[in-house]
1. Mind checking the log10 I(q)/I(0) for the stretch 134-234 at q = 0.17, 0.22 Å⁻¹? Debye, one equal scatterer per Cα, no solvent, two decimals.
2. Could you state, as a whole-number percent, how many of the C-alpha pairs of the stretch 376-465 are farther apart than 15 Å?
3. Among 9-15, 86-92, 431-437, 153-159, how do they line up by average Cβ neighbours within 10 Å per residue, starting with the highest?
4. Tell me, what % of the accessible area of the stretch 187-237 is carbon and sulfur with a 1.4 angstrom probe?
5. Compute the accessible area per residue over the stretch 276-372, keeping the other protein chains in place, probe 1.4 Å, unit Å².
6. Let me check I've understood the local charge: for THR439, count other residues with C-beta under 11 angstrom from its C-beta, Lys and Arg +1, Asp and Glu -1. What total comes out?
7. Ordered by residue, what ³J(HN,Hα) values in Hz, to whole numbers, does the stretch 282-299 give under the Karplus form 6.51 cos²θ - 1.76 cosθ + 1.60, where θ = phi - 60° and Gly and Pro are x?
8. Whole Å is fine, so just give me how far the alpha carbon centre of the stretch 406-440 lies from that of the stretch 283-339.
Amino acid sequence: MLHADRLFPADPVTRDVARSLYEETRSLPLVSPHGHCDPGALADDAALGDLALELVTRDHYVLRMLYSQGTRLEALGVRGAGGSPPESDGREVWRLLAEHYHLFRGTPTKLWLDHTLSEVLGVGLPLSAKSADDVYDEAMARLAEPDFRARALYERFGIEFLATTDAATDDLAIHTRLHASGWPGRVVPTFRPDDVIDPERPGFVRRLARLGALTDVDTSGWPGYLDALRARRLDFKAAGATATDHGHPKPATADLSDSEKERLFARVTQYPVDPDDAELFRAQMLTEMAAMSMDDGLVLQLHVGAWRDHNPLVSARFGPDMGADMPKRSDYVGSLKPLLDRFGNEAGLIVVVYTLDETTYSRELAPMAGHYPALRLGPPWWFYDSPEGMRRFYQQVIETAGFANTVGFVDDARSLLTIPARHDVARRVNAAFLAGLVTEHRMEEEEAVEVAHDLAYHLARRAFRTTK
Ligand SMILES: [Zn+2]
């Protein structure tokens, strides 16, 4: 069903080089340092849930496209924010996807879904309104087989490292259970403290109390708050974490004096919070996180510059992550300066920046990552985690930052089932880009082979410190 040359250049000379570069990397292990898979399925070695839950209801790429063409989220199995039960069962949700599958022509979502159905689940017919039930039945039968349980999939996919994304106040019980099970797969949490760092998040003060309870530290004052965060980071590290991740609306950073920080903390822990104070606090906290990373070695990831939950009606009814996070213009040169003034020259620190503002790649981020030892460029994210997005990324950053200041591929997957598809698309795009450099005689083929290995495997291992 899938063309062997998909995503390769059309001209035969370059295509031949792309084919051989891809063959070099297609079977390398998968390193997945950032994503949103459910660790519970791996801890319990359970069968994955319903096909439609895995590939539709949990996938905000799919949800947003169907919603944009008039499908109600309730009909796609999404629960209301109040916890109301889904109104459609898996088969009905799947039929809706199948009826509207033409909407995904030309999108990476279709590449991923086609790959997942055909290569992972072994479904032998293309998805359409007519085939919906047959595809559903065939795939569901596979998911019920022991070979399709979470751990078997992890092993079959050749996953070497899988990081989940976890709130700072998560008790890590699932990860602890997973470790204690003796299964050799490497599944680790990532420390995502937005809920206890952003004073504008609902329940911020309540969560600080929970943070205090988890760490046995009084978090009502600035020094205790920092101590509690330090302790939680070490808890995550003990559970295998190698990184933190921060989702801030802007990439602002700050470096205030101790007394200013104490006063600011006192202000943001009392309602109502002034929006400028909240912004300054988030900015200061990125610098604090970099300082803590200097001590504990956790890699600092910034997913900044998204206007989250842009659609108030959808977020009120269904909560976050429904596909309404929009790109915003960002200024990294000015915003990151306070943090870089303190830590930019530290070769022992790794700060990975992801952006939704592509205009900043060649103008700001590539020059910065191509200078500051502490900075690395994360791969294209969200709308740009796509063949064209990756091509544009390479075109805009490599001449300035080189390959070594990037971190390889990050799949950001929502379901274990889609991880191979995402890496396969990336490895094909890498091969196509490198083949162009080879046929223009800008790079020797042996060099391109090394770079292809780096992009598929070694860069992510190094940047996210996955080797123990
Ligand atoms: Zn993510």
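1. Ignoring solvent entirely, the Cα scatterers give -0.83, -1.08.
2. Result: 58 percent of Cα pairs exceed 15 Å.
3. Final packing ranking: 431-437, 153-159, 86-92, 9-15.
4. After summing per-atom areas, the C and S share lands at 50 percent.
5. Accessible area per residue, the stretch 276-372: 38 Å².
6. Spelling it out: positives minus negatives among the neighbours equals -2.
7. Rounded to whole hertz, the list is 4, 5, 5, 5, 5, 5, 5, 5, 5, 4, 5, 5, 4, 7, 9, x, 5, 6.
8. 24
The values are calculated or read from the model by the stated rules, or taken from the named source; none is laboratory data. Just so it is clear, the structure is predicted and the values come from calculations on it, not from any experiment. Because the Cβ atoms are built from the backbone with ideal geometry, glycine has one as well, and the counts that use them run over all protein chains shown. Surface areas here come from the heavy atoms of the whole protein model, side chains and all, with no ligands, DNA or RNA. Shrake-Rupley method; radii C 1.70, N 1.55, O 1.52, S 1.80 Å.
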